[in-house]
Amino acid sequence: MESENKLKFDPREHQHLRYNPLQDSWVLVSAHRMKRPWKGQVEKPSEDDVPRHDPNNPLCPGSTRANGEVNPEYDSTFVFENDFPALQPDAPDPGSDHHPLFQTRPARGVCKVMCFHPWSDVTLPLMQPEEIRKVIDKWVELIEELGQTYPWVQVWASSFLPNEPAMAERCQREYLQKHGEPMMLQYARMEAQAQERIVVENEHWLVVVPYWATWPFQTLLLPRRHVLRLPDLTPQERDSLASVMKRLLTKYDNLFEVSFPYSMGWHGAPTGSHLKEDMSHWQLHAHYYPPLLRSATIRKFMVGYEMLAQAQRDLTPEQAAERLRALSEEHYKHRVMEGQASL
């Protein structure tokens, strides 16, 4: 009789913990919190007309930057040295004579700035796939160039492995030793089979809201085959990547009909001296971390519990994936322009 009265677990109704195998950490999922009172729809902020070219914007072609350098009249993707870099290649060594509680290590590197497109009013989802392909090729070029010297390249190149990739390095290495298959390769295959958290996919790539996602509409971009680093991609895989990125980012913009803010970065096998090591435990992947929660003006903030205890989210990854998957792959700005043209 007692077993008959026991509640059946429903991830949409009952809080639970989910394990993040890349970070060896847990996230609290409390989807029932989405039922708490809310004062109705918050309108999206009015979008100011962004000029195609603003001479006062230091990133525009022909503009003068803060250090006095003038940008070339570039007509595609443009990369330059950051004028105010967080890492420099010639910083002095702080020495090693330090107390265990006050340790210091040297940190050197190179910081780049990348402009995806010469027009200020064009974001990645509004670019053509062939234009996005040029961005991908530039990423590859930077990894090939800086990766000869530095163990970690992510537009910034550093002489050390930062915390996040260092943890991913340990977790992926241990997973391969224990299970005999690269963690993220197995994960991609299982997500492709389940189809529960898929947002978009094609022949070479899939995008999922990861099972352990922290941010409301966080996604993970994964290749279907075993790939260590971006330079290992075939030309066909790069074209396919441009396509899947455009589809994902269009859905992001369509969610709240606003240019969707996000932080994105690639995690691939470390470079530099690691190029000579067996890094088969690694699988290339990219993280998208967008902060929006309920509308274009309501964001998720890491507060109280998150800062003092652990990460927590208010809707399940499956619910987030379902919302994103259902969105059109035609950008809302194009629909507006077509509607105006028919008037």
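The values are calculated or read from the model by the stated rules, or taken from the named source; none is laboratory data. These figures come from a predicted structure and were not determined experimentally. When we count neighbours, we look across all protein chains shown, and the Cβ atoms used for this are built from the backbone with ideal geometry, even at glycine.
Filter the range 271-288 down to the residues that are of a type outside the set (A, V, I, L, M, F, W, C) and assigned to a loop (DSSP other than H, G, I, E, B), then identify the one that is farthest from GLY180 (Cα to Cα). By that ranking, first place goes to THR271. Sub-9 Å Cβ pairs linking a first residue in the range 181-202 that is part of a helix (DSSP H, G or I) and modelled with pLDDT of 95 or more to a second residue that is surrounded by 19 or more Cβ atoms within 10 Å (Cβ to Cβ) and of a type in the set (Ser, Thr, Tyr), at least 6 apart or interchain, are MET183/TYR175; MET184/TYR175; GLN186/TYR175; TYR187/TYR211; GLU191/TYR211, ordered by first then second residue.
If I ask for residues that are part of a loop (DSSP other than H, G, I, E, B) and aromatic (Phe, Trp, Tyr), which ones from the range 107-142 would you list? Across the range 107-142, the qualifying residues are PHE116, TRP119.
Within the range 55-106, which residues are part of a strand (DSSP E or B), of a type outside the set (A, V, I, L, M) and exposed (fewer than 14 other Cβ atoms within 10 Å of the Cβ)?
Selection gives THR64, GLU81.
Here VAL122, VAL155 are screened, and the one residue that is surrounded by fewer than 17 Cβ atoms within 10 Å (Cβ to Cβ), modelled with pLDDT under 95 and either closer than 29 Å to ASP239 by Cβ or in contact with an Asp or Glu (Cβ under 7 Å, 6 or more places away or on another chain) (or both) is VAL122. Considering (1) without any contact (Cβ under 8 Å) to a residue 60 or more places away in the chain; (2) assigned to a helix (DSSP H, G or I); (3) under 25 Å from MET184 (Cβ atoms), the lone condition that ARG323 does not fulfil carries the number (1). Of the residues making up the range 121-164, those that are in contact with a helix residue (DSSP H, G or I) (Cβ under 9 Å, 6 or more places away or on another chain), under 21 Å from TRP282 (Cα atoms) and among the polar types (S, T, N, Q) are GLN148, THR149, GLN154, SER159.
Determine whether MET264 is surrounded by fewer than 21 Cβ atoms within 10 Å (Cβ to Cβ), at pLDDT 95 or above and in contact with a Phe, Trp or Tyr (Cβ under 9 Å, 6 or more places away or on another chain). Criteria met by MET264.
Would you confirm, using the coordinates I've provided, whether ARG299 is in contact (Cβ under 8 Å) with a residue 12 or more places away in the chain and basic (Lys, Arg)? For ARG299, the condition - in contact (Cβ under 8 Å) with a residue 12 or more places away in the chain and basic (Lys, Arg) - is not met.
Taking first residues from the range 160-172 that are in a helix (DSSP H, G or I) and partners that are of a type in the set (S, T, N, Q), the Cβ contacts under 9 Å between residues at least 6 apart in sequence or on separate chains come to GLU164/GLN23; PRO165/GLN154; MET167/GLN23; MET167/SER25; ALA168/GLN23; CYS171/ASN20; CYS171/GLN23; GLN172/GLN283.
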